[in-house]
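*Asks:* Provided herewith is a single structure, encoded as structure tokens, for subsequent inquiry.
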Amino acid sequence: MRTSGIKRRQRLHLWGLLCLFWVIPLFAQTITLNLKDADINALIGTVAEVTGKNFIVDPRVKGKVTVISSRPMNSDEVYQVFLSILKVHGFAVVPSGSVEKIVPDVSAKQDSIPNASSQEPGIGDEMVTRVVQVDHVAAAQLVPILRPLVPQQGHLAAYPNTNVLIISDRAENVSRLVSIIQRIDKVSDSEIEVIRLQHASAAEVVRILNAISRSEAGQAKAPGGEPLVADERTNSVLLGGDRADRLRLRAIISHLDTPLEAEGNTKVIYLKYAKAADLVDVLQGVGKSQGEEAKKAKAASNGDKDLDIHADEATNSLVITAPPSLMRSLESVIRQLDIRRAQVLVDAIIAEVGENKARQLGIQWAVFDLSGQTAPVGGTNFTNAGSSLADIGNAVIKNTLPSLTPGLLFGAGRFNKDGVSFGAVLQALASDGDSNILSTPSLVTLDNEEAEIVVGQNVPFLTGSFANTGAASTSVNPFQTIQRKDVGITLKIKPQINEGDAVVLQIEQEVSSIANNAQASDLITNKRSIKTNVLAQDGQIVVLGGLIEDRVRQSAQKVPLLGDIPLLGALFRSKGSNVDKSNLMVFIHPTILRDPNTSDSYTSSKYNLIRGVQARSFEDGVFLTPDVPRPKLPEMRELLELPPPFEATPGAAPPGEVKPDDGN
């Protein structure tokens, strides 16, 4: 029942709206609109009949409209009222050929709305797009000023290349914005003046002027809104603002730019990065080259002082006494030299892969007589077959254990003291050895500073000895002379950073080790060293050098003729072979650390790497002492944490201080 009542009221409103226009004579050109809660689609149909326009209505166009009119309007006025009604309800009309589309405001600016100009700016609330040329002001600077005046569904943008503004909105609002732009786009008398100083320092003058004209916001600016800038290279002040403000500041600058009563002054300049003692010679050289011209220009002055530069190493500062003009030149040189120097992280990668294989097979035999009587004696003895058969036989006769060499040793024989004895030994050996060594020493140093890292042992080498060889009554103290040398990995670098990301590296790298078969009294060391200069880019991996060695050694010993007999000849020969392969490569990886953030990043990566290796091998407790934990690196964030600040309590003294006795 309620729904039918609502539909009945809608039909009555529609019939009332139609009857309103039917009672108007056909020859009349004016109508009066008085609507209350009328459907917007019914209004669109009525306007189409009155104006003769064709409309395409977007499905999102819905709502009720109310119009109160006190006088008749012609068709053009009705159409403008219709556009205003659509604007109030968030809709717009977009012309498209012989029809006009009614769409929401948000979609209208993306459709084919007409382009307006100064000759055809548009009428009323129709949607238009207009390109406004700006002549004297940067168009981009006007965008934040005009943005609050453009509704959300409108569009405002600047194109800096041609210095124009693009505006899409209702025609009336676009005309208003164009009027505002024309008022702002005018030639200003504000300009920049360059004032060259003769006696005073530009930086000091700007500091004084900024202190005078400091704004309430805490930013030092000239009264005209333009900043005061000091050009220390030319000792000039760049002054901006209005003409009156510039005139007042020029008067102050002229009073400040006066010569001192006594020529020459002394300044203490504290350095941030450079070393004061290293800059003294450089500054004295600059002062000598410029001092002659300064003396000629001020020959009439009796108070001229010579250049005097001292370095205070305790505070890393320079104490300079020089005329003002020379002082400015020296300060400019110091500013360019006192800069943060970049650092270089060098990672050296030493990769060595080796393979050793040996094969040995030999047979020795002998026939002999231990009785001392005449008997045939014969046998074979090969030097590449390990232990000698004679040594083994002597050890057996003496009932002692013979010395055995690595490998298989199989022997058989008969030892008879009263007759002929014989013996035979078969020796076989096969050995395989592989090595895979990877060393990655790393080192950080400043640009153009040499650094060295040594990881190894300090091994003693016997260089001489003396023993008591005289008579027993002579007392001589025996002694030995020993020289110690570093054995291990040594990396010495000196980087030079060129303009850009290229690094020139002077590198000395050495890898040394003690040979496995070396005796304590006769040490033998293996040494691999590289000394070179290379050019590498930041982060590039460069190969410094290497060694690829493939060595094969074969030996064969045999009895002539007998050793060549097939099968049976194996009893009269011995063979051995050794194959040694070695692959060694040395690489370098430089990384430029230009700022603290880059240094922190690489430091954290290295720290976390070693902490991760430690964590993987971490166990609860130590073997046989489970109650003692293994040491472990803390996390980086824990390492960087500072102690909490001291919080004073009423009547308490700060740490390190003793509260005075109040006599109670």
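The values are calculated or read from the model by the stated rules, or taken from the named source; none is laboratory data. Keep in mind that what you see is a predicted model, and the values were worked out from it rather than measured. Virtual Cβ from ideal backbone geometry, glycine too; neighbours counted across all protein chains shown. Keep in mind that these areas ignore ligands, DNA and RNA; they rest on the heavy atoms of the full protein, side chains included. Shrake-Rupley method; radii C 1.70, N 1.55, O 1.52, S 1.80 Å.
*Asks:* Can you pick out the pairs among 606/632; 357/485; 87/186; 357/558; 275/492; 485/531 whose Cα atoms lie more than 25 Å from each other?
*Replies:* 357/485; 87/186
*Asks:* First check a/c for region 311-363, with a ≥ b ≥ c the square roots of the eigenvalues of its C-alpha gyration tensor; if it is under 1.5, answer rounded, and if not, answer prolate when a/b is larger than b/c or oblate otherwise.
*Replies:* prolate
*Asks:* Restricting to region 18-160, compute how many DSSP beta bridges are antiparallel as a %, nearest 5.
*Replies:* 70
*Asks:* Further question on the same structure: Could the peptides 132-144, 40-52 be put in order, highest first, of the mean number of other beta-carbon atoms found within 10 Å of their residues?
*Replies:* Packing proxy ranking, top to bottom: 40-52, 132-144.
*Asks:* Tally the DSSP beta bridges in region 74-134 and give the antiparallel ones as a percent, rounded to 5.
*Replies:* Values: 6 of 8 bridges.
In region 74-134, DSSP labels about 75 percent of beta bridges as antiparallel.
*Asks:* Could you do me a favour and compute the accessible area per residue for region 61-107, 1.4 Å probe, result in Å²?
*Replies:* Per-residue value: 49 Å².
*Asks:* Hey, can you find the accessible area per residue of region 529-615 for me, probe 1.4 Å, expressed in square angstrom?
*Replies:* It amounts to 64 Å² per residue over region 529-615.
*Asks:* Using a 1.4 Å probe on the protein chains only, how many percent of the accessible area of region 72-218 belongs to carbon and sulfur? Numbers along the way, then the final one.
*Replies:* Details: 4110 of 8010 Å².
Of all accessible area on region 72-218, carbon and sulfur atoms account for 51 percent.
*Asks:* I'd like the accessible area for residue 555: 1.4 Å probe, protein heavy atoms, all chains in place, Å² to the nearest 10.
*Replies:* In the full protein context, residue 555 sits at about 50 Å².
*Asks:* Hey, can you grab everything whose amide H is under 5 Å from the amide H of residue 274? Only 5+ residues off in sequence or another chain; H modelled, so Pro and N-termini drop out.
*Replies:* 339
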